[in-house]
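Below is one structure; the comments refer to it alone.
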Amino acid sequence: MGKEWDASSIVSDLERGYHTEGPQRAVTGVSSILEAGEDDLAFCAWDDEKGISSISSSKAGIILCKNTLRGKTTNSRSQLVFLDNPRFVFVHFVNRARNMAVPRSISSTAMISQSAQLGDNCQVGPFVTIGDGCIIGNNAVIEDRVTLKNCSIGDNCVVQSGVAIGSEGFAYERDPGGSLERFPHLAGVVVGDEVEISANVSIARGSLTDTLIGDGTKLDALVHIAHNVSIGTRCQLAAGTIIGGSTRVGDSCWTGLNSTLKNTIKVGNRVLVAAGACVIGDVADDDVVAGVPAKSIKQKVTTGELYLMTGRQSGQS
């Protein structure tokens, strides 16, 4: 990470009630709690005997620990920082430090249309193609071999290698003789701010209305979004998710590995779709669905971690 960081600069203003124990330390790198050295920052997500043991044996310079372990563990080599959510503070700090260090540039092999618009401080990787009329927001990172057509990308977005956005979707009509004629795709794709799109994702342009990806949504590798789909804000779509045309997905939803959402259905807010599920009908707000075809299993959920995946506490409705 280059520079030295002390506990106060790591925690920043995220956790004002944090407490430290042990020698004052500064770190220049990060690592796992089991492999960290004296110059590394680490975190401990456990608050049981495993957490106590891991903290006491770690060689990390600074360890972010859960408040529930305060007074239960010691480590004379490390500075211990006790706070509510050490994992989140670790993630936020590392991302902040990385963003400060990333040089932004446009590759000489990128092909960018003269009518495309790029915001300030963008990074465009090798062999990227940005088509006519595309709009790329500020601080966007477009990695290598990405193809962008008929789309706008918001501020602070990341688009990883091999992504294709804005090609025509899959829709045909048969003529009287049975031959297939493609339905015209005349709309585009609108991607909001703070969206992250992982490798080899495909997002089709809309036919008569735009395909929409809401602010803060994250797409894992090999996700396919069909034409006219609307995805809400702060959703997480795990690898292999397929969403059929004209389906609407609400805010703060989670779709599991290799799940499928049929075309033209409506999925509510804060819905969790289990891995491998095949959703063929509408899903109400705050539901949990699983299986083929998918059915509600909300009443069987016993762990709060599932609810946290959709940004709510267990027991909320």
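Within the range 64-137, the trypsin sites (Lys or Arg not before Pro) that combine a DSSP coil assignment with at most 16 other C-beta atoms in a 10 angstrom radius are R70, K72, R77, R104. Across the alpha-carbon atoms of the range 195-267, the computed radius of gyration and Dmax are 10.5, 30 angstrom.
Short-range pairs are left out: with C-alpha atoms under 8 Å and at least six residues apart, the relative contact order of the range 177-271 is 20 percent. The angle between the Cα long axis of helix 86-101 and the longest principal axis of the Cα atoms of the chain comes to about 70 degrees, rounded to the nearest 10. Listed values (1) 21.8; (2) 19.8; (3) 20.3 include one computed from this model; for Kirkwood radius over Cα pairs in Å that value carries the label (1). As a test, work out the antiparallel percent of DSSP beta bridges whose residues both lie in the range 5-101, rounded to the nearest 5. That works out to approximately 35 percent antiparallel. Dipole magnitude for the chain: computed about the Cα centre from +1 point charges on Lys and Arg Cβ and -1 point charges on Asp and Glu Cβ, it is near 500 debye.
Please give the net charge around D215, taking every other residue with its beta carbon less than 14 angstrom from that of D215, where Lys and Arg add +1 and Asp and Glu add -1.
Working: positive: K218, R234; negative: D155, D193, E194, E196, D251.
The answer is -3.
What are the GluC sites (Glu not before Pro) within the range 25-54 that DSSP puts in a loop, where the Cβ has at most 11 other Cβ atoms within 10 Å? Intermediate values should be presented prior to the final figure.
Details: sites: E35, E38, E49; in loops: E35, E38.
Passing both the DSSP loop test and the Cβ count: E35.
Considering only N75, N228, N99, the mean-square fluctuation computed in a Gaussian network model of the chain, springs between alpha carbons under 10 angstrom, is largest for N75. Candidates G244, N228, S259 compared by Cα position along the dipole of the chain: farthest toward the positive end lies S259, with charges placed on Cβ.
Taking the Cα centre of each part, how many Å lie between the range 130-152 and the range 13-57? Value for the Cα centre distance between the two parts: 39 Å.
For the range 15-169, the dipole from Cβ point charges (+1 on Lys and Arg, -1 on Asp and Glu) about the Cα centre works out to 320 debye, to the nearest 20. Among G154, G119, G178, which one shows the highest mean-square fluctuation when the chain is modelled as a Gaussian network with alpha-carbon springs under 10 Å? Result: G178 has the largest fluctuation of those listed.
Taken together, the values in this text are just the output of simple stated rules run on the coordinates, not laboratory data. Please read these numbers as outputs of a predicted model, since none were measured by experiment. Using ideal geometry, Cβ is built from the backbone for each residue, glycine included, and neighbour counts are taken over all protein chains shown.
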